[in-house]
Amino acid sequence: MDTASLAFTAVFCAALIGGLVLRTWLTSRQIRHVASHRAAVPAAFADTVTLQAHHKAADYTIVKSRFGLLSASIETGLLLGWTLLGGLHWLNQILLGWLGGGMVQQLALIGAFALIGGVLTLPLEWWSSFRIEERFGFNRMTLGLWLGDLLKGTVVGVLVGLPIIALVLWLMGAAGPTWWLWAWGVWMGFNLLMLLLYPTLIAPLFNKFEPLEDETLKARVTALMQRCGFAAKGLYVMDGSKRSAHANAYFTGFGAAKRVVFFDTLLKQLDPAEVDAVLAHELGHYKRRHILQRLVLMFALSLAGFALLGWMSGQVWFYTGLGVQPAMDAPNNALALLLFVMVVPLFTYFLQPLMAQLSRKHEFEADAYAVAQTNGSDLANALLKLYKDNASTLTPDPVFASFYYSHPPASERLARLRG
């Protein structure tokens with residue numbers, strides 16, 4: 001192995017180990033902090049949160065945190081297995097022997113990688129749903145429904161993902177040195193198309209979406225949207241309780257295809273004024289152009305990513321430094337894609353605090369917009385109910401929260417709304 005390959009191997013190992021150590025340290029802080037504050041409800045919530053609910057939130061957070069550490073350790077082992085221990089090289093050589101070099105072999109490599117990885121991590125997904133979520137009363141899925149979702153998700157992934165992957169692989173081989181720019185354009189177009197098609201073609205495969213029938217609530221919501229200058233194609237209720245007791249509301253779609261979707265669990269937990277306030281918060285994201293900002297950021301980061309892939313895919317050390325010997329007489333485009341997708345998250349992980357900070361800033365701005373359009377106490381009451389019903393801890397570790405939390409901790413968020 002040459003000097004460049006050894007150097008890249010060292011950088012890869014440093015990122016892998018450093019990320020796992022940092023994740024372990026942060027999660028350990030979170031577990032200790034939540035456990036140390038389990039005995040008593042924080043003073044700011046003493047009149048609204050029972051000790052039993054506080055205990056449940058603490059226990060749920062601790063169990064999920066420990067499971068997250070286990071999952072991270074297993075995923076680290078799988079990444080080493082695919083790269084430095086030769087798993088991806090072995091799989092590529094077998095498929096080259098069977099299929100020869102060409103588009104079919106490249107698609108088979110990506111498909112086999114996805115299938116093997118999915119099977120290896122399936123026990124973690126099962127444990128999360130049928131042990132952790134069920135233990136705390138959140139899981140509503142049967143094994144049959146879970147398997148059905150898995151099957152449908154796989155079919156949709158193949159039908160939607162295979163053509164776009166094939167097109168990117170073709171561009172890598174046929175579009176010359178600037179293939180990455182064309183591939184980026186295709187990728188962005190695909191994402192925008194999915195924003196249009198997902199609400200009407202894909203989401204209904206997994207959930208039922210019924211028009212909102214509560215006339216009182218519909219009138220409130222419609223009046224709110226008119227005040228805010230927001231047009232939606234429809235108001236829908238999703239059968240979220242079919243799978244989980246967690247509650248939510250969201251906008252989906254793009255342009256004229258936007259829809260407002262309420263989980264049925266949300267409508268059961270909140271009164272109309274509180275639903276109004278939650279919707280006003282979501283509207284705030286649109287009015288403050290947070291959605292547009294995130295799209296632009298996604299466009300910029302993906303452009304940088306494709307440009308980096310375009311350069312690294314032509315460097316032999318990129319492959320050999322990760323335990324893969326590129327083929328001399330066949331395209332290596334699928335290898336480059338897989339290695340890039342596996343390795344880049346190791347480095348972007350360290351940028352997570354910046355993204356989390358931006359997201360929390362947006363949440364505060366959306367809260368301020370909701371207060372201006374509805375009632376701050378209604379939003380505070382709604383959030384408090386959601387924190388309790390979703391068993392969200394009221395006492396996160398500050399360092400952990402600043403690194404990971406996309407939403408402000410309950411104490412900070414509610415203090416602003418009430419103050």
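For the chain, what does -39500 (n - 2.57) per DSSP helix run (n ≥ 4), summed and divided by total residues, give at 222 nm, in deg cm²/dmol to the nearest 500?
Calculated mean residue ellipticity at 222 nm is -23000 deg cm²/dmol.
Looking at the square roots a ≥ b ≥ c of the eigenvalues of the Cα gyration tensor of region 337-419, which shape do they give, rounded for a/c under 1.5, prolate if a/b is larger than b/c, or oblate?
prolate
I'd like the Karplus ³J(HN,Hα) series for region 164-174: coefficients 6.51, -1.76, 1.60, θ = phi - 60°, whole numbers in Hz, and an x wherever there's a Gly or Pro.
5, 5, 4, 5, 4, 4, 5, 4, 4, x, 10
How charged is the neighbourhood of residue 398? Take every other residue with its Cβ under 12 Å from the Cβ of residue 398, and add Lys/Arg as +1 and Asp/Glu as -1.
-1
Residue by residue, what Karplus-based ³J(HN,Hα) values in Hz, rounded to whole numbers, does region 400-411 have, using 6.51, -1.76 and 1.60 with θ = phi - 60° and x for Gly and Pro?
So the J values, rounded to whole Hz, are 4, 5, 5, 7, 10, 5, 7, 10, x, x, 4, 4.
With a ≥ b ≥ c the root eigenvalues of the C-alpha gyration tensor of the chain, is it rounded (a/c under 1.5), prolate (a/b larger than b/c) or oblate?
prolate
Note down the relative contact order for region 128-240 as a percent, whole number, built from C-alpha pairs under 8 angstrom at least six residues apart. Let's see the in-between values first.
Details: 43 pairs, mean separation 22.2, N = 113.
With pairs under 8 Å counted, the relative contact order is 20 percent.
Measure out, as a whole number of angstrom, how far apart the alpha-carbon centroids of region 254-333 and region 352-377 sit.
If you average the Cα positions of each part, the centres end up 19 Å apart.
Using the count of nearby Cβ atoms within 10 Å as a rough guide to exposure, how do 158, 221 rank from fewest to most?
Lowest count first: 158, 221.
Among 264, 378, rank each residue by its count of other Cβ atoms within 10 Å, from fewest to most, as a rough exposure measure.
264, 378
Note the angle between two axes, namely the Cα long axis of helix 272-287 and the longest principal axis of the Cα atoms of the chain, as a number of degrees from 0 to 90, rounded to the nearest 10.
For 272-287 against the chain, the angle is about 40 degrees.
What residues have an amide H closer than 5 Å to that of residue 237, excluding those fewer than 5 places away on the same chain, when H is modeled at 1.01 Å from N in the peptide plane?
Hits under the 5 Å cutoff: 210, 212, 262.
Anything over 18 Å Cα to Cα? Flag those among 287/385; 218/385; 242/268, in the order listed.
Long pairs (Cα-Cα over 18 Å): 287/385; 218/385.
Laboratory data are not the source of any read-out in this text; all were calculated from the coordinates shown. Model, not experiment: these values are computed from the prediction. Virtual Cβ from ideal backbone geometry, glycine too; neighbours counted across all protein chains shown.
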